[in-house]
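A.B. asks: I'd like to ask some things about the structure below.
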Amino acid sequence: QVQLVESGGGLVQPGGSLRLSCAASGFTFGSYDMRWYRQAPGKERELVATISWYRNTNYGDSVKGRFTISRDNTKNTVSLQMNSLKLEDTAVYYCNTERDAIQFWGKGTLVTVSP
């Protein structure tokens, strides 16, 4: 079955960097788009970044120029490099993919940006 496992979250100061990773299994990873979402306390889940199976990328307006999504189809992983982190980037970050109109989610990894 499809499994997505995020890692790399933690506590970081404003202006700092973190790199999140998502290990995928149970499907033909290289054939599917992958996404990172985030959900801050009291807010709706927000799409952060998308990388298509052919490596086209798109970003939410709030992270453009600061975050970079990438994928390694040999390792079945998708990563999110987050630079110049802000207080408002604090959230649980989720890895996501869709197959046959079904959404699959990881359990998330917490990123806390705090002085």
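A.B. asks: Just to be sure, is Leu87 at pLDDT 95 or above and over 14 Å from the mean Cα position of the chain (by Cα)?
C.D. replies: yes
A.B. asks: So if I check each of Asp72, Asp61, Asp100, which one is more than 15 Å from Glu46 (Cβ to Cβ), at pLDDT 95 or above and more than 13 Å from the chain's Cα centre (by Cα)? Reasoning before the result, please.
C.D. replies: Working: Asp61 fails: more than 15 Å from Glu46 (Cβ to Cβ); Asp100 fails: at pLDDT 95 or above.
So the residue among Asp72, Asp61, Asp100 that is more than 15 Å from Glu46 (Cβ to Cβ), at pLDDT 95 or above and more than 13 Å from the chain's Cα centre (by Cα) is Asp72.
A.B. asks: Take Gln103 and tell me if it is touching a residue at least 60 places away in the same chain (Cβ under 8 Å) and of a type in the set (S, T, N, Q). Break it down stepwise before answering.
C.D. replies: Working: touching a residue at least 60 places away in the same chain (Cβ under 8 Å): no; of a type in the set (S, T, N, Q): yes.
For Gln103, the condition - touching a residue at least 60 places away in the same chain (Cβ under 8 Å) and of a type in the set (S, T, N, Q) - is not met.
The values are calculated or read from the model by the stated rules, or taken from the named source; none is laboratory data. The shown structure was predicted, so the numbers you read here are calculated from the model rather than taken from an experiment. Note: ideal-geometry Cβ built from the backbone for every residue, glycine included; neighbour counts use all protein chains shown.
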